[in-house]
Amino acid sequence: MVTHVTPSICRNCLAYCPILVTVEDGRAVKVAGDPEAPAFEGYTCPKGRALPAQHNDSARLLRIQRRRSDGSFESVVADEALAAVSAKIREVLDRDGPRAIAMYSGTGAGVSHPVGVNVARAFFRAIKSRMVFSPITIDKPAEYTSVALHGNWHAGLQTFETSDTWLVVGANPVIAKSNGAPANNPGVRLKQAQARGMKMVVIDPRRTETAKRAHVHLQCRPGEDAALLAGIIHVIMAEGLYDERFVQEHAVGFDVLKRAVAPFTPEEVARRADVPVMQLLEAARTFGCGRRGGAICSTGPSFSTHSNLSFYLALCLNTLCGRWAREGDVAPFPNVLLPAFAPRAQPYAPYPVASERRMRVHGLTENACGMPTAALADEILLDGEGQVKVLFCLGGNPVLSWPDQAKTEAALSKLELLVVLDYQMSATAQFAHYVVPPPLSLEVPGSTQRVEALKYHGVSRGYSIPWAQYTPAVAQPPAGSELMDDGTFFFRLAQELGLQLDWMNVRGQASSLENPTESIPLDMSRVPSVEDLIELSCRNSRIPLSEVKRHPHGHVYELGVQVEGRDPACEAMLQLGDPTMMRELQEIAVGPAAPTPSEEWPLQLLCRRANNFMNSVGQGVPSLNGGDTHTPAFMHPSDMRALELTEGHLVVIRSASGHMLARIQADDSLRVGLVSVVHGFGSPVRFDASELSLGSVTRLIDMTERDPISGIPRMSALPIRVERYGGAA
């Protein structure tokens, strides 16, 4: 037996933690944090430590699966699958045109196989289909729409590491390492921040792991995030805590915003959100009096009502208090494996939030956050010109993530062709005509460029330090397997169809908002490897990939890049008084508060994340699920007593749109009147008759109440009731 330990990168989520992998005869058997990685200090989470179990799972798919006429699956060789899929693509293109072919690339593909997703996008450009969907529009679309309405800052937000105050709305970075605090060992970074005197304000209906470390925790009524932020702005303006000079030089709309927040007095907002007025005042003064800091929103306000407004007001707070990187600052988010750029202390002007490319349903359009995923099931179900007939699903699980699970299942069943690229027979893969298993993360090379590129997805995402790492493949695919990475699949499909694929690469002065690209024709005579595509994607990088490879444990680079002053020719200004957002703010001011308890719907549902799972990934791993594949419904003990429930009781959770089953678990970190459920669990109704498996929160959600720009429906702060399970849901 040959055993060795090698450094690598965990790619189960977008933290990309450095790890040490113990490999026996080509097989990963253990993962631990890498103490030699200077930016992470040996941190890893349960998901990362379970990578060997994921790779060695006996249920893992090792060959392409094809659906038989009776609904069962059989193995098929790659050449046969590609020939059949390409023939159907050619038929649909000739008969219905490119709009009939769509792609949904889920989190799994974007995290573990980012270069493969880029080849898939090149394929869709080649067939001239714009029907490319992602989780963005059902996760945090307001990150994009709010920037379009407010504008952005060339140099980026001030960094967490240099700040003395920080405001976090609906984020829990200790668990979900996406934004809100640095992803590199966030628990330690929060402790270090507290030790240096940072005062953090957290707005969240639950006393999360992050909220427990806050100077002020506003444990508000769900759905009142926008009102709370308007109240904080009201106080900051009334008490003169804003940066008057910064606003005068870089923003417009101050007086418009001031009039709009006038009704949001501390007393009125405290009443609406059900928080102590003195806590609200302390939160506003803490943020306003800070020297440096940032305000960010995350999944919590995104899933609730008025998400665009919440994210927009957070940007307005950053502008009012001048929380953007200033001239002379060390450049935040400084590009290592992305092209070099010279950041300037100046705005990017707002830009159109919606395009003229319309969907056929719900009055939605392609917009600043992409194609509206919540409308895709209806696009498949609606007959007529433009109907989607073919769907490729890359590393996603629509059955458990798209709103309205019953509608999603009906849509997937109606497709002429569904191809799922996934390593397991997921809830969605069970509907597929072909399931193509890719290699898993330890079996392919990777780099941290994907995480750096998150700077294009939100004002506080990506690495705020000049960190980079590369990993070769460190484990071998299972013996006897025939796996195909996403990029190879779409490249070979293009070869079958005689298409030319062009690779889009970041080039030149790539800032925190701009993402200029160059088009590079690929050599269609040879299938590029994952390594080839990584080399191609990094060919314009500030630090050559060859240099990054010299540091197998990763490296923090001394770049010496500072923020330059505003270009005298720059005329752009940040917008504090966008008319659309001001109208919505006025509607809130004169309208009722977020849904309050009623006899029919006495409770509200919140979605949450768990440390052991990345969306639906990891549910089948015993070391992560503890033998329980059901999602619990967390309730405050007093609510449990009122309903005469004890832990483990099976209950039916009902909304106006549907129902789900779950087992009750006590959680005194919640506000009274709330039920909190981890999303991503459950199974498809069509293929599982067991009532006890019906645990998907998407069963409670439909498109009745949806955002007019992104189409995201209300997915949290949802009125519900809970009933003891009586044997028939």
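So here's what we get for this one:
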read-out: Residue among Glu452, Glu443 that alone is within 27 Å of Leu20 (Cβ to Cβ) and within 19 Å of the chain's Cα centre (by Cα); value: Glu452
read-out: Residues that are among the charged types (D, E, K, R) and under 29 Å from Glu24 (Cα atoms), drawn from segment 46-84; value: Lys47, Arg49, Asp57, Arg60, Arg63
read-out: Segment 683-729 - residue that is in contact with a helix residue (DSSP H, G or I) (Cβ under 6 Å, 6 or more places away or on another chain) and β-branched (Val, Ile, Thr) and, of those, modelled with the lowest pLDDT; value: Thr698
read-out: Pick from segment 208-234, criterion among the small types (Gly, Ala, Ser) and touching a Leu at 6+ places or on another chain (Cβ under 8 Å), ranking: surrounded by the most Cβ atoms within 10 Å (Cβ to Cβ); value: Gly231
read-out: Asp667 modelled with pLDDT of 90 or more, closer than 23 Å to Pro46 by Cβ, more than 25 Å from the chain's Cα centre (by Cα) and not basic (Lys, Arg); value: yes
read-out: Residue list for segment 282-320, filter: closer than 17 Å to Ser460 by Cβ and among the aromatic types (Phe, Trp, Tyr); value: Phe287, Phe311, Tyr312
read-out: Residues located in segment 18-39, provided they are touching a Gly at 6+ places or on another chain (Cβ under 6 Å) and touching a residue at least 40 places away in the same chain (Cβ under 8 Å); value: Pro18, Ala37
read-out: Qualifying residue in segment 649-657 (condition: within 19 Å of Ser598 (Cα to Cα), of a type outside the set (S, T, N, Q), surrounded by fewer than 18 Cβ atoms within 10 Å (Cβ to Cβ) and not assigned by TED's automatic domain parsing to the domain that holds Asp404); value: yes
read-out: Every residue from segment 540-560 that is under 29 Å from Gln346 (Cα atoms), of a type in the set (A, V, I, L, M, F, W, C) and buried (at least 18 other Cβ atoms within 10 Å of the Cβ); value: Ile543
read-out: Residue in segment 122-129 that is among the basic types (Lys, Arg), more than 21 Å from the chain's Cα centre (by Cα) and not in a helix (DSSP H, G or I) present; value: yes
read-out: Tally of residues being assigned to a loop (DSSP other than H, G, I, E, B), in the same structural domain as Thr428 (by TED's automatic domain parsing) and more than 27 Å from Thr631 (Cβ to Cβ) across segment 355-404; value: 8
read-out: Residues of segment 227-241 classified as outside any loop (DSSP other than H, G, I, E, B) and farther than 21 Å from Pro347 by Cβ, total; value: 8
read-out: Residues that are crowded, with 24+ Cβ neighbours inside 10 Å, among the aliphatic types (A, V, I, L, M) and either out of contact with any helix residue (DSSP H, G or I) (no Cβ under 8 Å at 6 or more places or on another chain) or part of a loop (DSSP other than H, G, I, E, B) (or both), drawn from segment 413-426; value: none
read-out: Ile101 being among the β-branched types (Val, Ile, Thr), buried (at least 22 other Cβ atoms within 10 Å of the Cβ), closer than 22 Å to Ile465 by Cα and in contact (Cβ under 8 Å) with a residue 40 or more places away in the chain; value: no
read-out: Index of the failed condition, Ser541 passing every other in (1) in a loop (DSSP other than H, G, I, E, B); (2) within 27 Å of the chain's Cα centre (by Cα); (3) under 30 Å from Leu309 (Cα atoms); value: (3)
read-out: Unique match (being under 30 Å from Cys538 (Cα atoms) and surrounded by 24 or more Cβ atoms within 10 Å (Cβ to Cβ)) among Pro301, Pro339, Pro334; value: Pro334
read-out: Test for Ala429: is it surrounded by 23 or more Cβ atoms within 10 Å (Cβ to Cβ), in contact with a strand residue (DSSP E or B) (Cβ under 8 Å, 6 or more places away or on another chain) and within 27 Å of Asp532 (Cα to Cα); value: no
read-out: Scan of segment 242-296 for residues that are assigned to a helix (DSSP H, G or I) and either among the charged types (D, E, K, R) or outside the structural domain of Pro579 (by TED's automatic domain parsing) (or both), ordered by number; value: Glu244, Arg245, Glu249, Asp255, Lys258, Arg259, Glu267, Glu268, Arg271, Arg272, Glu282, Arg285
read-out: Yes/no for Ala120 being farther than 30 Å from Val5 by Cβ and surrounded by fewer than 18 Cβ atoms within 10 Å (Cβ to Cβ); value: no
read-out: Residue in segment 379-397 that is at positive phi and in contact with a helix residue (DSSP H, G or I) (Cβ under 8 Å, 6 or more places away or on another chain) present; value: yes
read-out: Selection status of Lys407, without any contact (Cβ under 8 Å) to a residue 40 or more places away in the chain, surrounded by fewer than 23 Cβ atoms within 10 Å (Cβ to Cβ), out of contact with any strand residue (DSSP E or B) (no Cβ under 7 Å at 6 or more places or on another chain) and over 30 Å from Gly293 (Cα atoms); value: no
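The values are calculated or read from the model by the stated rules, or taken from the named source; none is laboratory data. Everything quoted here is computed from the prediction, not taken from an experiment. Note that each Cβ is placed from the backbone with ideal geometry, even for glycine, and that neighbours are counted across all protein chains shown.
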